[in-house]
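*Asks:* Quick one: the structure is below, and I'll ask about it shortly.
The values are calculated or read from the model by the stated rules, or taken from the named source; none is laboratory data. Since this is a predicted model, take the numbers as computed values, not measurements. Note that we place each Cβ from the backbone using ideal geometry, even for glycine, and neighbour counts take in every protein chain shown.
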Amino acid sequence: MAPNSSDNPLGLIAIDHLEFTCDSLISETRGLFYNMGFQRTFENKELNGEVFSQGSVHFSLIASKDSSFLSRQYFEKHGEGVSKISFLVNFDLI
């Protein structure tokens, strides 16, 4: 499917990463990433987050305690889980 076709009006190319929100970085989700062979490739101390990668697949794990962050608001409402899906898009459409 062409990025600019009528079948793909948003110009979606791929999923860039999924963001998982949890209460602590020491979580079952983090353990699953390691068990599936993902490697920690980045740490963000300000967000209390880590990125796990394997090839072109990326997961971010966020455990912010700051209630002004959307990730924390998501956790308080829903618990641990996928809080964001980030897409790669063709910006020529904008």
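*Asks:* Output the residues belonging to the range 25-51 that are over 17 Å from residue 82 (Cβ atoms) and exposed (fewer than 11 other Cβ atoms within 10 Å of the Cβ).
*Replies:* Residues of the range 25-51 over 17 Å from residue 82 (Cβ atoms): 26, 34-35, 37, 39-46, 48.
Hits for the range 25-51 are 26, 35, 37, 39, 45, 46.
*Asks:* What pairs can you find where one residue is in the range 39-54 and on the phi > 0 side of the Ramachandran plot, the other is exposed (fewer than 11 other Cβ atoms within 10 Å of the Cβ) and at pLDDT below 95, and their Cβ atoms are less than 8 Å apart, with a gap of 6+ or different chains?
*Replies:* Qualifying pairs under 8 Å: 48/65.
*Asks:* Considering 42, 52, 33, which residue is in contact with a helix residue (DSSP H, G or I) (Cβ under 6 Å, 6 or more places away or on another chain) and at pLDDT 90 or above? Don't jump to the end; show me each part of the working.
*Replies:* Values: 42 fails: in contact with a helix residue (DSSP H, G or I) (Cβ under 6 Å, 6 or more places away or on another chain); 33 fails: in contact with a helix residue (DSSP H, G or I) (Cβ under 6 Å, 6 or more places away or on another chain).
Every option except 52 fails the conditions.
*Asks:* In the range 59-76, which residues are more than 19 Å from residue 28 (Cβ to Cβ) and either of a type outside the set (D, E, K, R) or at pLDDT 95 or above (or both)?
*Replies:* Keep residues of the range 59-76 that are more than 19 Å from residue 28 (Cβ to Cβ), which gives 66-70, 73.
The answer is 67, 68, 69, 70, 73.
*Asks:* Another question, then. Can you tell me which residue is farthest from the chain's Cα centre (by Cα) among those in the range 52-65 that are surrounded by 19 or more Cβ atoms within 10 Å (Cβ to Cβ) and not aromatic (Phe, Trp, Tyr)? Reasoning before the result, please.
*Replies:* Taking the range 52-65 as the starting set, the residues that turn out to be surrounded by 19 or more Cβ atoms within 10 Å (Cβ to Cβ) are 52, 59-64.
Filter once more, keeping what is not aromatic (Phe, Trp, Tyr): 60-64.
Working: 60: 4, 61: 7, 62: 8, 63: 12, 64: 14 Å.
Checked the range 52-65; the qualifying residue farthest from the chain's Cα centre (by Cα) is 64.
Condition check ((1) in a helix (DSSP H, G or I); (2) out of contact with any strand residue (DSSP E or B) (no Cβ under 8 Å at 6 or more places or on another chain); (3) not hydrophobic (A, V, I, L, M, F, W, C)) across all residues:
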{"site": "53", "(1), (2), (3)": "no, no, yes"}
{"site": "59", "(1), (2), (3)": "no, no, no"}
{"site": "64", "(1), (2), (3)": "no, no, yes"}
{"site": "68", "(1), (2), (3)": "no, yes, yes"}
{"site": "74", "(1), (2), (3)": "yes, no, yes"}
{"site": "83", "(1), (2), (3)": "no, no, yes"}
{"site": "86", "(1), (2), (3)": "no, no, yes"}
{"site": "92", "(1), (2), (3)": "yes, yes, yes"}
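*Asks:* Right, next: Could you grab the pairs with beta carbons closer than 7 Å, sequence gap of 6+ or different chains, first residue in the range 67-94 and under 22 Å from residue 46 (Cβ atoms), second one basic (Lys, Arg) and part of a loop (DSSP other than H, G, I, E, B)?
*Replies:* As it stands, the answer is 72/65, since those pairs meet every condition given.
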